[in-house]
1. What's the number of the only condition in (1) open to solvent by less than 10 Å² (accessible area, probe 1.4 Å); (2) near the ligand (Cβ under 8 Å from one of its atoms) that Val115 fails to meet?
2. Determine, yes or no, whether Glu97 is within 9 Å of the ligand (Cβ to nearest atom), in contact with a helix residue (DSSP H, G or I) (Cβ under 9 Å, 6 or more places away or on another chain), among the charged types (D, E, K, R) and farther than 29 Å from Val193 by Cα.
3. Let me spell it out: the conditions are (1) more than 10 Å from the ligand (Cβ to nearest atom); (2) open to solvent by less than 80 Å² (accessible area, probe 1.4 Å), and Asp134 meets all of them except one. Which number is the exception?
4. Do we find that Ala186 is in a helix (DSSP H, G or I) and open to solvent by 60 Å² or more (accessible area, probe 1.4 Å) in this structure?
5. For segment 149-183, enumerate the residues that are assigned to a helix (DSSP H, G or I) and hydroxyl-bearing (Ser, Thr, Tyr).
6. I'm told Gln79 meets every condition in (1) modelled with pLDDT of 95 or more; (2) open to solvent by less than 30 Å² (accessible area, probe 1.4 Å) except one. Can you identify the failing condition by its number?
7. Considering every residue within segment 162-173, establish whether at least one is open to solvent by less than 30 Å² (accessible area, probe 1.4 Å) and touching a Lys or Arg at 6+ places or on another chain (Cβ under 8 Å).
8. How many residues does segment 49-66 hold that are more than 9 Å from the ligand (Cβ to nearest atom) and either basic (Lys, Arg) or free of Cβ contacts under 8 Å to residues at least 40 places away in the same chain (or both)?
Amino acid sequence: MAHDAFSPLGRREVLELALSGLALAVMTASPFAALAQAAGGGAPLKIGTIGAGREGGALGTLFAKHGHPLMFSSRNPDQLKELVASAGPNAQAGTVEQAVAFGDVVLLVVPYTAVEQIGKEHGNALASKRLVIDVSNPIARRDGEEIVKWANDQGGAGLATQKLLPGAHLVRGFNAIGSGRLAEDAERKGDPVGIPIAGDDKAAIELASSLIKETGLEPVLIGGLAMGKYLVPGTPLAGEHSPAEIRQIASTLK
Ligand SMILES: NC(=O)c1ccc[n+]([C@@H]2O[C@H](COP(=O)([O-])OP(=O)(O)OC[C@H]3O[C@@H](n4cnc5c(N)ncnc54)[C@H](OP(=O)(O)O)[C@@H]3O)[C@@H](O)[C@H]2O)c1
């Protein structure tokens, strides 16, 4: 499995993961959670997407259909007319610059080779956002071995993206759930489908969690951005799992 390629976590990382999980448990149990929910969850939030292909299109559509003003972006926004029409009245399209300016939250959903350039061109603006959800994965067959090795050398996809987007309030999420399954999973009755997330920024984690929960999916914090290395296709967390399964799998990822 792909996670075998990564080095095992050190004691410090394990401690950080435990503290991170504890912190979230405390946050969600406290009266402050209600305040945070009121500030973020439920109220429409402007969302911009960088990337509006298969996954960016599906995710943007999901959030637009849940009431959030949404701007998809492309280097050729004229090509997004069909997507905008199918996503409904909350959706529009623009350039990458326009979508970054538009969103309080930005979804980064591009081939990993594009992230460095996006960081150079839009890094300052992205650092000013409340939340950047990093959906992008370094994948050898698409992006090349070199960038995958580089990302692994940084500690995996989460820490690598943070290096490319310094100061951004990053949460990794939706990285290994297929674009074709998102809408159906979100509407599933009964036990929700879990979305494993990883991040180091408490406010960004809270906001990402409330946004995900609104869609009918269930966020499951698996740890800090260092754990983002497990949020890529080919690891045990990839695909569809219940929240309990995600917690159980994550507990084995040392
Ligand atoms: N497909 C899935 O089911 C899935 C699931 C989870 C995660 N992911 C991850 O999501 C990311 C996107 O995958 P995808 O399948 O959606 O790819 P895709 O269908 O090929 O779409 C890629 C998108 O990235 C944009 N893009 C490419 N280079 C760019 C650049 N330099 N600046 C700005 N935008 C750029 C493209 O916009 P233009 O119109 O400008 O070309 C396009 O909208 C990947 O990292 C993938 O691993 C995919």
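The values are calculated or read from the model by the stated rules, or taken from the named source; none is laboratory data. As the structure is a prediction and not an experimental result, all values here were calculated from the model. Reconstructed Cβ throughout: ideal geometry from the backbone, glycine too, with neighbour counts over all protein chains shown. Accessible surface areas use protein heavy atoms only, side chains included; no ligands, DNA or RNA. Shrake-Rupley method; radii C 1.70, N 1.55, O 1.52, S 1.80 Å.
1. Failed condition: (2).
2. no
3. The number of the failed condition is (1).
4. On the way: in a helix (DSSP H, G or I): yes; open to solvent by 60 Å² or more (accessible area, probe 1.4 Å): no.
It is false that Ala186 is in a helix (DSSP H, G or I) and open to solvent by 60 Å² or more (accessible area, probe 1.4 Å).
5. Quick first cut of segment 149-183, residues assigned to a helix (DSSP H, G or I) only: 149-153, 157-164, 182-183.
Residue satisfying the conditions is Thr161 alone.
6. (2)
7. Looking for residues that are open to solvent by less than 30 Å² (accessible area, probe 1.4 Å) and touching a Lys or Arg at 6+ places or on another chain (Cβ under 8 Å), one finds at least one in segment 162-173, hence yes.
8. Going through segment 49-66, the residues more than 9 Å from the ligand (Cβ to nearest atom) turn out to be 60-66.
Pick out the ones that are also either basic (Lys, Arg) or free of Cβ contacts under 8 Å to residues at least 40 places away in the same chain (or both) and you get 64-65.
Result for segment 49-66: 2.
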